[in-house]
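For reference, the structure is listed below as structure tokens.
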Amino acid sequence: MNDLTAAPVAHINNMAEITLSIQKPDSLGVIVEDKDNSALIVQIVKTATKEVKTKFQIGDKIIAVNGLRIRNRSDAQEEISTVKTGESITFTILRASSARHRESFFRTVIEGRHEEMEHILSEHPTWVNDLWEGAPAIIFATRKGDSRMVTLLLKAGAVVDLTDKDGNTALMEASKLGHAEVVEPLINAGSKIRLKNKSGDTALIEAAASGHENIVERLIRERAKLDSEGYLGYTALMQACMKGNERLVEILLNAGAKVNFRSSYGWTALILAAKYERAGVAQLLISAGANISIKGGLEKKSAVAFAPKNGQVSKILETANQQKGGSCGFSFNFLKRRTLKS
């Protein structure tokens, strides 16, 4: 690997002049950090001398070849890529603003100053995918529920699924916070419904956990994966069961969520309904064919064992156990009719 040192970068109207000290002739050089810690991958230079000066244009694509290791020091010196000899890879410069300009840019997003943002992006279009405090502008706009700002950023080239430091996309944030007016432009811009954050949660799981029924229905129409496991193995249905949201349980079951799905942690929807004493939910699950004998959880116990003694769920499960086939005498068709009437 080549040893490189670089002098500070001087910003001049979106241009920068760099000086590279290259230890070996006929090698490649790259500057990766400036005095404002803007941390850019800027430009690759091939040279037969030990020092070279060059300029680059923000937004240029660059190609690295011949075994140069590239680092992005803005992200805790995270290594981006190691390019083997004979191979090539292309990068695009996304972030180029100084710390001061970056904060001003994000304040404009957060405060919803749309006309000012249009002007800023016309002057500095590459700032649209910059990061501040671990999140891109589109996520800050989403958290505010500012659909106009989100649309503006998307039209300016914002990467719709650019994540924050926890792996959340704008769609996940909108789903969690209940901003249905933001969900729509994100979906229309091609946001990937089934992506997971670092905890393993999808947009559907986030919406279900927060009880946003309209967003759950919207994501289902976009073919969200119903039985995807998230944090601790909880699915969207399991989240709805733990919260006692009967309407949401009906929506997910009618959409095809598996009533007896057993997660990698051993949870089923009925076990969680029993554990959290959600009587109405337990009745719905049994009506949909939930198996009361499945054992799960870390303790590997059945729903009966998880249910608080002498509670409503315990009585429902006891009655179900006495019925032939573990049914309470209701059919899933009844559940569907009930849902359509509500």
Collect the residues in the stretch 181-240 that are of a type outside the set (A, V, I, L, M, F, W, C), on the phi > 0 side of the Ramachandran plot and outside any loop (DSSP other than H, G, I, E, B), keeping them in residue-number order.
-> G233
Name the pairs whose Cβ atoms lie under 8 Å apart, with the first residue in the stretch 250-274 and closer than 10 Å to L237 by Cβ, the second surrounded by fewer than 22 Cβ atoms within 10 Å (Cβ to Cβ) and of a type in the set (D, E), and 6 or more positions between them or separate chains?
-> I251/E213; I251/E217; A257/D227; K258/D227; F261/D227
Look through R113, R148, R143 and report the one residue that is closer than 19 Å to E181 by Cα and more than 25 Å from the chain's Cα centre (by Cα).
-> R113
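Residues are listed down the side, and each one gets a yes or a no for (1) farther than 23 Å from K198 by Cα; (2) of a type in the set (D, E, K, R):
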residue	(1), (2)
R102	yes, yes
V109	yes, no
G112	yes, no
E118	yes, yes
W132	no, no
A141	no, no
D161	no, yes
N168	no, no
E173	no, yes
Kindly indicate which of E206, E250, E184, E229 is farther than 26 Å from K165 by Cα, at pLDDT 95 or above and either of a type outside the set (A, V, I, L, M, F, W, C) or not assigned by TED's automatic domain parsing to the domain that holds A282 (or both).
-> E250
Given the conditions (1) crowded, with 19+ Cβ neighbours inside 10 Å; (2) in contact with a strand residue (DSSP E or B) (Cβ under 9 Å, 6 or more places away or on another chain), and given that A307 satisfies all but one, which numbered condition is not satisfied?
-> (2)
Single match in G167, G157 (criterion: in contact with a helix residue (DSSP H, G or I) (Cβ under 8 Å, 6 or more places away or on another chain) and at positive phi) = G157
Which one of A257, A180, A282, A189 is among the small types (G, A, S) and crowded, with 24+ Cβ neighbours inside 10 Å?
-> A282
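The values are calculated or read from the model by the stated rules, or taken from the named source; none is laboratory data. Since this is a predicted model, take the numbers as computed values, not measurements. Heads up, the Cβs are rebuilt from the backbone with ideal geometry, glycines too, and the neighbour counts pull from every protein chain shown.
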